[in-house]
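For reference, the structure is listed below as structure tokens.
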Amino acid sequence: MTEGKTMLDAAFMSRWMSATAAAVGREESRLTDLDSAIGDADHGANLRRGFTAVTAVLDKESPDTPGAVLALAGRQLISTVGGASGPLYGTLLRRTGKALGDAAEVTREQLARALGDGVAAVAQLGGAAAGDKTMLDALLPAVDALGESFAAAAKAADAGALATVPLRARKGRASYLGERSVGHQDPGATSAALLVGALAQAAA
């Protein structure tokens, strides 16, 4: 069966969230280091707490559709994570889950479209666009590449995060630094690339 025809169910989405929690746990100190340069130095700890809570609530409640898994994960992040990252990641997953609807299984292409809706909601919430040195710089290319494959999406997200290094931040806490934000990789784009990398890992 080709990747594009593989059907993704609730168990797949739960694996994605577990893989994300593991990736954030591994990379917590790196995320914190990146955030200490241009933010509040709490991005790693906040996301680890949030995704640990997500895996716990998914184990407890076991939603039975892909959309319900992501919607629950999003609600949990919003209620658990402080700062900007909780509402932003929570909105991303909630809106993606809502776009998937009540289907018991979805295709990779359907997930790509739904994730596009989620990313659009994040852009609206944060008032950010491509090139503003935010999580969108990893998410937008990832959504485009997800139409091709999971691996292509992960590669595009990593490249997008790396491409934030020379940018000047125009949104969020980092924007207060002006030119001093140049030369640092954006922590939000970096954690967004971890999320997409975990998606590819769940698919593999």
* At a temperature of 25 °C and a viscosity of 0.890 mPa s, determine how fast the chain diffuses translationally according to Stokes-Einstein, using the Kirkwood radius over alpha-carbon pairs as Rh; express D in µm²/s, rounded to the nearest whole number. => 149
* Asked: Taking the Cα atoms only, what angle lies between the long axis of helix 85-100 and the longest principal axis of the chain, rounded to 10 degrees?
  -> 30
* Within 10 Å, count the other beta carbons around each residue, average over each peptide in 78-84, 35-41, and list them highest first. => 35-41, 78-84
* To do: Evaluate the charge dipole of the chain about its Cα centre and quote only its size in Debye, nearest 20, assuming +1 on the Cβ of each Lys and Arg and -1 on the Cβ of each Asp and Glu.
  => 320
* Structure fact -> Computed over the chain, the relative contact order (Cα-Cα under 8 Å, seq sep at least six) in percent reads 23
* **R0 of 35 Å, Cβ-Cβ distance ARG75-VAL165: FRET efficiency to nearest 0.05** => 0.60
* To do: May I ask for the net charge around VAL54, where only other residues with Cβ less than 14 Å from the Cβ of VAL54 are counted and Lys, Arg are +1 while Asp, Glu are -1?
  => +4
* Given a cut-off of under 8 Å on Cα pairs at least six residues apart, what relative contact order in percent is computed for segment 75-190? -> 21
* May I ask you to list the aspartates and glutamates whose Cα is less than 18 Å away from that of LYS171, ignoring any residue fewer than eight positions away on the same chain? => ASP35, ASP40, ASP42, ASP132, ASP137, GLU179, ASP186
* Asked: With every protein chain left in place, what is the accessible area per residue of segment 13-75 in square angstrom, probe 1.4 Å?
  -> 42
* Relative contact order for segment 1-94: what is it in percent, counting Cα pairs under 8 Å that are at least 6 residues apart? -> 28
* May I ask you to give the average projected area over all directions of the convex hull of the Cα atoms of segment 1-120, in nm² rounded to one decimal? => 7.4
* Positive end of the charge dipole of the chain (Lys, Arg +1 and Asp, Glu -1 on Cβ, about the Cα centre): tell me which of GLY50, GLY86, ILE38 has its Cα farthest that way. => ILE38
* To do: Just order 104-112, 68-76 by mean Cβ neighbour count inside 10 Å, highest at the front, would you?
  => 68-76, 104-112
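The values are calculated or read from the model by the stated rules, or taken from the named source; none is laboratory data. Keep in mind that what you see is a predicted model, and the values were worked out from it rather than measured. Note that each Cβ is placed from the backbone with ideal geometry, even for glycine, and that neighbours are counted across all protein chains shown. In case anyone asks, the SASA skips ligands and DNA or RNA and just uses the protein heavy atoms, side chains included. Shrake-Rupley method; radii C 1.70, N 1.55, O 1.52, S 1.80 Å.
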